[in-house]
Each structure stands twice: as structure tokens, then as C-alpha cells.
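Note sheet for the following structure.
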Amino acid sequence: HYLDIPSEKATFSMGCFWAPDSLFGSTPGIITTRVGYAGGTEGLIPTYRNIGDYTEAIQLQYDPNTVSYLELLKMFWDHHDPTAKFKKQYSSFIYYHNDQQKAEAELTLNEKKAKGLDVLTKIEPAGQFFNAEDYHQKYRLQQHKNLCKDLGLKTGDDLINSHVAARLNGYVVGQGGIDQFDSEVSKLRLDEAAISYIRQLVIKYEGQGLHC
Ligand code: MHO
């Protein structure tokens, strides 16, 4: 059972948080995901409408024996433009949870800079993470209301804590691809109707990339 698997946290900001939620959700080794707000002024309680100086962030629970932090960092760098100037809400941040993550984040940042890239990414210690509103959790999956209902995903907490929700939030937009879906589908304990519904979405959207 996945709850017995050793897990670590990773927290990234890389623009609108819907896309990395799907990107990482179907990545092997990711256990659960949640989207929220990080990195702002202590004492301010951020919301989507009143985000203050927080960034939209994704927090991952991952199994370090299956996916390394360096692999997650590679995905972080490859899936947003760290040289683009945005307002703070969409700015590029790595929030590290321990000294090793900090060192590896700095290593990869320095590699980018050594290539002459004007990288704006900041590396900061992970502070308090505020969950985003329920409708932002597994946003792509939530567009399939009947599927969520059939899977018993009713509340924001259901969506945050469910491994299956994390995987399907990627698969419904084609992330992970059909071969990976077929190879892990038996572990997800879905009924036949759900499997064929999701399968046609994976096939339809595979390779089309992510957007917000
Ligand atoms: N363009 C998107 C951004 C949402 S994101 C969670 C929208 O406003 O619908 O910041």
C-alpha cells in the first residue's frame, strides 16, 4: 500500500499551478499532490482572490526510491520558462525541505546560469503551505464530474489525499501516456467503465502538452 512507502516532500512554483499538478501527478514515484500558496509574508492568509505576495505552488509527496529530487528538478526546469518575468503569483521558486534539496536545487540553478541563461528562479526554505480552494485541486480531473463522483472524490481533502486522483489528473490530459497508463491501471482499482473512459482521453491528449 502506498501509505507504507517512504515519502518526501517537494514544493515548486512554476506558473499557474494547474499544469504542474497534472505534470507531476502521473509521474512514477509521485504519491500525492496538492496545489496552494507558498512563500509569502507570515501572518497573511492567502486565497486565490487575495494572494498577497504568495506564489501559486505545487507540493508533492514522492517516493525517493522511485523518483529522485534531481529528476523532479529536471521536470521543474523543463516545464516553465525560468527567465520570464511575471508578477509574484506566477514567479519561479524552489522551496526546499532539507539541506540536500537545497544543495541539489542550487546545483541545477548554477548549471542554468553557466549556460548564460538569465534565470530568475529563487531558492527559499519551504515555509507554511496554504492549500488552494477545493476547485483548484486536481483541476483537470474535476472537469469530469461524473468520473469524480463514481470514484468517490467528493471533497477537496479527497482530491488532495487520493493517489488515484493525482494519477488521473495527469492522465485525463494525456500526461504519462497510454503505455504507462496500461501498465499501471490494474493498481488503480478502477472499474471497466472508468478505465475505458480515461483510456480514450489519454489517447486523445497524449503528446499535446500542458496549458493553463
Ligand atoms: N488563466 C487562468 C489561470 C488560473 S491559475 C490557477 C485563469 O484565470 O483561468 O492561476
In segment 14-169, lysine pairs with alpha-carbon atoms under 17 angstrom apart (chain gap of 8 or more, or interchain): 18
Loop GluC sites (Glu not before Pro), segment 1-74, which have at most 10 other Cβ atoms in a 10 Å radius of their Cβ (DSSP): 42
Using the Cβ atoms and a cut-off under 11 Å, what net charge is assigned to the surroundings of residue 64, where Lys and Arg are +1 and Asp and Glu are -1? -2
Using the Cα centre as the reference, give the magnitude of the dipole from point charges on the C-beta atoms of the chain (Lys, Arg: +1; Asp, Glu: -1; all else neutral), rounded to the nearest 20 debye. 540 debye
Using θ = phi - 60° and the Karplus relation 6.51 cos²θ - 1.76 cosθ + 1.60, list the HN-Hα couplings for segment 125-133 in order, rounded to whole Hz, with x at every Gly or Pro. x, 5, x, 5, 10, 9, 4, 6, 4
So what is the 222 nm mean residue ellipticity for the chain from helices alone, if each DSSP H run of at least 4 adds -39500 (n - 2.57) and you divide by all residues, rounding to the nearest 500 deg cm²/dmol? -11000 deg cm²/dmol
The percentage of the accessible area of the chain (probe 1.4 Å, all protein chains present) made up of carbon and sulfur atoms, to the nearest whole number, is 49 percent
Give me the extension gain from residue 99 to residue 154: residue separation times 0.36 nm, minus the current Cα-Cα distance, reported in nm with one decimal. 16.1 nm
Cα coordinate range in segment 50-100, projected on the principal axes (Å, largest first): 37, 22, 17
Viscosity 0.890 mPa s, temperature 25 °C: give me the Stokes-Einstein translational D for segment 77-212 in µm²/s, with Rh taken as the Kirkwood radius over C-alpha pairs. 141 µm²/s
10 Å Cβ shell holding at most 11 others, DSSP loop, trypsin sites (Lys or Arg not before Pro): longest site-free stretch of the chain: 1-48
For residue 68 and residue 146, what is the calculated FRET efficiency with R₀ set at 30 Å and r taken between the beta-carbons, to the nearest 0.05? 0.20
Placed amide H near residue 123: partners under 5 Å, 5+ positions off or other chain: 94
Tilt of helix 192-205 relative to the longest C-alpha principal axis of the chain, in degrees (0 to 90, nearest 10)? 50 degrees
Placing +1 on the Cβ of each Lys and Arg and -1 on the Cβ of each Asp and Glu in the chain, which of 100, 125, 64 has its Cα farthest towards the positive end of the resulting dipole? 125
Restricting to DSSP loop positions (anything but H, G, I, E, B) with no more than 16 other Cβ atoms inside 10 Å of their own Cβ, which chymotrypsin sites (Phe, Trp or Tyr not before Pro) remain in segment 23-124? 48, 86
Under the rule of at least 5 residues apart or a separate chain, name every residue whose amide H is placed under 5 Å from the amide H of residue 138. 35
How long is the gain from residue 133 to residue 197 if the chain were fully straight, where each residue apart is worth 0.36 nm and the alpha carbon distance is subtracted? 20.4 nm
With every protein chain kept in place and ligands, DNA and RNA left out, what is the accessible area per residue of segment 1-142? Probe 1.4 Å, answer in Å². 48 Å²
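The values are calculated or read from the model by the stated rules, or taken from the named source; none is laboratory data. Keep in mind that what you see is a predicted model, and the values were worked out from it rather than measured. Using ideal geometry, Cβ is built from the backbone for each residue, glycine included, and neighbour counts are taken over all protein chains shown. Heads up: the accessible areas ignore ligands, DNA and RNA and are worked out on the full protein's heavy atoms, side chains in. Shrake-Rupley method; radii C 1.70, N 1.55, O 1.52, S 1.80 Å.
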